[in-house]
Amino acid sequence: MSQSTLLTTRSVVPGEGRTSLVRSNGEDHTVGLSHVAYDYDRGADPGLHLRDYWRVVSRHLWLILGMTLLIPTLVAIYLVRKPDVFEAQARIQVDLENGNSMLGGMSKNSSVVLSSESNDPAYFNTQLQILTGPGLLRRIVKNLDLEHNPDFGSARVSNNKSMWSQLQGILGFQPKSATKDSDAVPITSATTATAQDLAEAERVSDYVDTLQNTLVVEPVKETRLTVRETRLIDISYRHTDPHLAAKIVNNIADTFVQQNLEKKTDTSNATGTYLQKRIAELQSAIRTKEEELIDYAKSHQILSLDESQNTVVERLVGLNKQLLEVENERKLAESAYKAGLQPGAAEALAEEGGTVRGAPSATALSTDSELKLAELRQKRAELLVENTEKWPAVKEIDKQIAVREKQISDARVRATGIVTTNLATRYRQAMATEESLRKAYDKQRADTLAQNEAAVNYRIIQQEIVTNKTLLDGLLQRTKENDVVMAGTPNNIRVVDYAIAQKRPVSPKRTLAVGLSFLLALGCGVGLAFFIEYLDDSVSSTEDVENLLHLPSIAVIPQVQGATPRRRLALARKNGTSYNGANANKEVLLMEMDKRSPIIEAYRHLRTSILLSTAGRPPRTLLVTSSVPSEGKTTTAVNTAISLAQTGARVLIIDADMRRPRIHAIFNLSNSNGLSALLSREAVDSQISAAIQHDEASGLFILTSGPVPPNPAELIGSEQMVKLISMVAPNFTHVVIDSPPVAAFTDGVLIAALVDGVLLVVHGGKSSRKVVSRARQLLQDVGARIIGVVLNKVDAGRAYSDYYYSGYYRHYGDQAGAPADTQEISA
């Protein structure tokens with residue numbers, strides 16, 4: 001590119017300054033630029049690109065990776081320690097509520113139909129609430145004895161308490177729901193059952209709460225074509241024991257069905273209870289009256305209550321007839337008794353059974369035993385077909401046969417004795433009867449009135465018995481009818497499917513949970529990275545400088561590990577400079593670095609930007625400042641001056657930071673005569689030349705700050721400072737001035753108005769945008785020409801990835817074998 005083209009191109013670079021040289025048609029023109037501000041189109045939106053998002057992610061990559069690995073790992077450890085939970089599910093059907101169709105046939109008016117259906121829309125929802133109600137679940141706890149079931153576990157009940165309840169228990173505060181002794185229902189005879197039910201309900205309330213928290217009752221909906229309601233209900237329960245879960249679900253279903261049936265038969269049960277009670281009372285009354293009737297008949301010798309015996313004549317006639325009959329009977333009994341005393345007669349009578357009235361039949365008594373004996377003998381014969389007589393089963397049959405034979409023999413002996421006894425008894429009774437009838441006939445007249453009165457009372461008692469028996473028969477009939485009604489009561493709820501113990505757990509879903517936690521952790525990590533980036537108010541990239549500060553970013557100085565003391569000593573010896581261990585933490589200068597170090601490349605880029613910053617000629621006077629301390633302005637000023645001096649130019653560096661001067665310490669120079677001494681008097685050329693020192697190693701001319709004055713700002717803003725700059729500028733190619741931070745002190749602002757250009761040093765990733773913007777505004781308010789921003793002390797990784805230090809430069813520095821050298825930021 002020709003000089004004319006170069007100057008023409010440079011003339012359109014935005015900037016500030018007093019003059020600018022522009023070549024047009026081969027002629028030079030000087031254009032005055034009193035105050036041309038570097039400005040971007042503030043209305044233009046730079047927009048966000050995918051590379052901006054990727055830059056944020058790569059900047060916080062370790063944070064994102066850490067959260068992405070840590071959270072799923074913790075979730076996996078937690079889920080592995082959790083026990084498997086199995087789900088058991090049963091299904092019941094709730095139909096329309098029907099009446100008992102059997103009642104219609106039992107009613108007197110057969111035309112009345114008692115069967116009906118209920119279409120109440122709230123009925124189904126009511127059943128859902130009953131299924132999850134504490135009343136039903138208390139029955140489940142009692143039926144399955146969950147209080148003492150170790151698999152159900154009392155520990156699970158305590159774990160279901162809320163954190164607030166547990167905290168109250170730890171602190172010694174009793175929850176409001178706790179029942180005090182003073183609030184308990186007093187147990188009296190009238191409320192004993194109720195109090196016991198309440199006490200039991202309170203005792204099992206924790207177990208009921210545990211069931212309610214895990215029990216799921218959902219109506220089944222048809223969804224294949226359109227969503228339609230059904231009359232099916234699914235009952236699900238989860239527990240670590242699959243068998244216990246299935247047992248609980250099945251018991252809930254069965255108990256619910258039974259409870260519904262009990263509700264339907266409550267009236268019939270009450271009726272049946274009353275009938276049973278009344279029947280028991282009547283049976284007891286009948287039994288009492290019959291005993292009374294028997295006792296009365298015995299006490300009054302009532303044998304018959306025929307109407308013909310109510311008169312004395314009839315009684316006497318009857319006694320006469322009876323006496324004749326008794327005499328005949330006595331004779332027959334006497335002859336039978338004497339015949340029975342003959343040898344073998346009693347046995348024969350016993351075998352005949354029916355010859356003697358009242359004598360039992362020995363044949364009838366032994367028939368059953370003989371049949372069984374025949375069966376045993378037949379069985380024994382069948383066993384002997386395949387076995388011997390010593391076979392255990394044959395011996396057992398023999399024992400049974402012996403027992404049966406003994407029983408038959410005993411029965412015959414007993415029957416013979418009974419026949420003999422009956423004959424003797426009959427004979428004695430006949431004799432006694434004859435004697436009593438003879439006596440009765442004599443006193444019949446005296447006993448007739450008493451006998452008639454006893455007969456009347458006997459009939460009264462007998463009538464009461466008959467009446468009670470009639471009532472008892474009616475109640476028994478009603479009981480049978482009530483039983484039929486109860487048996488015919490339809491139950492509109494039934495169990496469709498019973499639950500079985502599942503083999504596969506339903507939770508925890510470890511793979512899904514770990515996968516979701518991985519995605520969540522990744523999202524949280526990325527979100528946290530963007531949130532941290534959002535909270536980051538620092539200037540961390542060239543885009544921040546250009547978009548937020550509206551200033552050009554002319555260089556990015558990376559920060560890597562500083563040079564070791566051994567490396568510094570070797571460089572000092574090589575360059576002929578002095579070095580001691582006390583200065584091990586001082587700034588690292590360009591001359592101490594390898595010539596292919598990325599730091600040197602960065603300063604070369606900065607030098608090129610400075611030389612091309614203005615049209616016509618590079619800026620002769622250059623101010624290096626920062627917004628706040630510790631941003632590396634002093635090191636940047638020194639290394640910039642060294643970089644300019646390496647081109648062969650005469651470079652003077654002035655330490656105008658008379659508050660905390662550092663340049664004399666960097667170059668190990670005397671600070672007794674410096675800037676403060678020259679500004680405190682009328683300085684001449686000889687005095688200025690005497691104050692300027694030369695460093696052979698770097699080739700710089702250095703004007704130190706001199707003794708620290710009490711009024712640095714007054715000295716900087718004096719006419720002597722203007723004269724000093726005007727006197728030294730013609731003698732040097734470049735004059736680099738180091739000043740205090742402009743946001744903290746006015747010294748830098750005053751100097752900025754006197755120089756050709758200003759370099760604003762910003763600590764990358766640390767300096768606040770507001771503070772840097774304020775520093776820029778202070779400089780622009782005095783008409784300072786800001787060449788650009790030096791983004792200093794940028795992390796090496798970010799410098800390599802975000803800026804122009806690509807793999808080529810990194811490889812270039814690594815091949816040189818140079819240590820990762822950089823400067824230490826001065827205060």
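The values are calculated or read from the model by the stated rules, or taken from the named source; none is laboratory data. Note that the structure is predicted; figures quoted are calculated from it, not measured. So basically every Cβ, Gly included, is an ideal-geometry build from the backbone, and we count neighbours across all protein chains shown. Each accessible area value is taken on the protein alone, full model and side chains, heavy atoms only, with ligands, DNA and RNA left out. Shrake-Rupley method; radii C 1.70, N 1.55, O 1.52, S 1.80 Å.
Side notes on the structure shown:
- Residue 238 vs. criteria in contact (Cβ under 8 Å) with a residue 60 or more places away in the chain, among the basic types (Lys, Arg) and under 23 Å from residue 504 (Cα atoms): yes
- Count of segment 134-154 residues, restricted to those that are surrounded by fewer than 14 Cβ atoms within 10 Å (Cβ to Cβ) and without any contact (Cβ under 8 Å) to a residue 24 or more places away in the chain, is 4.
- Any hit, segment 694-706, residues being closer than 23 Å to residue 606 by Cβ and among the hydroxyl-bearing types (Ser, Thr, Tyr): yes
- Residue in segment 544-555 that is within 46 Å of the chain's Cα centre (by Cα) and modelled with pLDDT under 85 present: yes
- Residue 531 being under 30 Å from residue 83 (Cα atoms) and open to solvent by 70 Å² or more (accessible area, probe 1.4 Å): no
- Some residue of segment 448-463 being loosely packed, with under 14 Cβ neighbours inside 10 Å, within 56 Å of the chain's Cα centre (by Cα) and in a helix (DSSP H, G or I): no
- Residue that is most open to solvent (accessible area, probe 1.4 Å) [pool: residues in segment 228-259 that are farther than 18 Å from residue 210 by Cα and assigned to a strand (DSSP E or B)]: 228
- Scanning segment 69-102 for residues that are among the aliphatic types (A, V, I, L, M), more than 26 Å from the chain's Cα centre (by Cα) and at pLDDT below 90 turns up 94, 96, 102.
- Residue check for residue 501: assigned to a helix (DSSP H, G or I), at pLDDT 85 or above and open to solvent by less than 40 Å² (accessible area, probe 1.4 Å): no
Residue-wise test of (1) under 30 Å from residue 127 (Cβ atoms); (2) open to solvent by less than 40 Å² (accessible area, probe 1.4 Å); (3) modelled with pLDDT of 85 or more.
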| residue | (1), (2), (3) |
| --- | --- |
| 282 | no, yes, yes |
| 287 | no, no, yes |
| 291 | no, no, yes |
| 298 | no, no, no |
| 304 | no, no, no |
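- Residue 400 vs. criteria open to solvent by less than 100 Å² (accessible area, probe 1.4 Å), more than 30 Å from residue 329 (Cβ to Cβ) and at pLDDT below 80: no
- For segment 646-703, the helices (runs of 4 or more DSSP H) that sit wholly inside it and include 2 or more residues that are touching a Leu at 6+ places or on another chain (Cβ under 7 Å) and of a type in the set (A, V, I, L, M) are 675-679, 685-691.
- Residues of segment 403-419 that are under 30 Å from residue 330 (Cα atoms) and at pLDDT below 80: 411, 412, 413, 414, 415, 416, 417, 419.
- Candidate set from segment 765-785 (those that are under 15 Å from residue 633 (Cα atoms), open to solvent by less than 10 Å² (accessible area, probe 1.4 Å) and not hydroxyl-bearing (Ser, Thr, Tyr)); member that is farthest from the chain's Cα centre (by Cα): 775
- Within segment 208-227, being assigned to a helix (DSSP H, G or I) and open to solvent by 30 Å² or more (accessible area, probe 1.4 Å) holds for 209, 212, 213, 214.
Residues checked against (1) among the small types (Gly, Ala, Ser); (2) open to solvent by 50 Å² or more (accessible area, probe 1.4 Å); (3) in contact with a helix residue (DSSP H, G or I) (Cβ under 9 Å, 6 or more places away or on another chain); (4) not in a helix (DSSP H, G or I):
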| site | (1), (2), (3), (4) |
| --- | --- |
| 600 | no, no, yes, no |
| 606 | no, no, yes, no |
| 616 | yes, no, yes, yes |
| 625 | no, no, yes, yes |
| 631 | no, no, no, yes |
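- The set of residues in segment 75-93 being assigned to a helix (DSSP H, G or I), touching a residue at least 12 places away in the same chain (Cβ under 8 Å) and open to solvent by 50 Å² or more (accessible area, probe 1.4 Å) consists of 80 alone.
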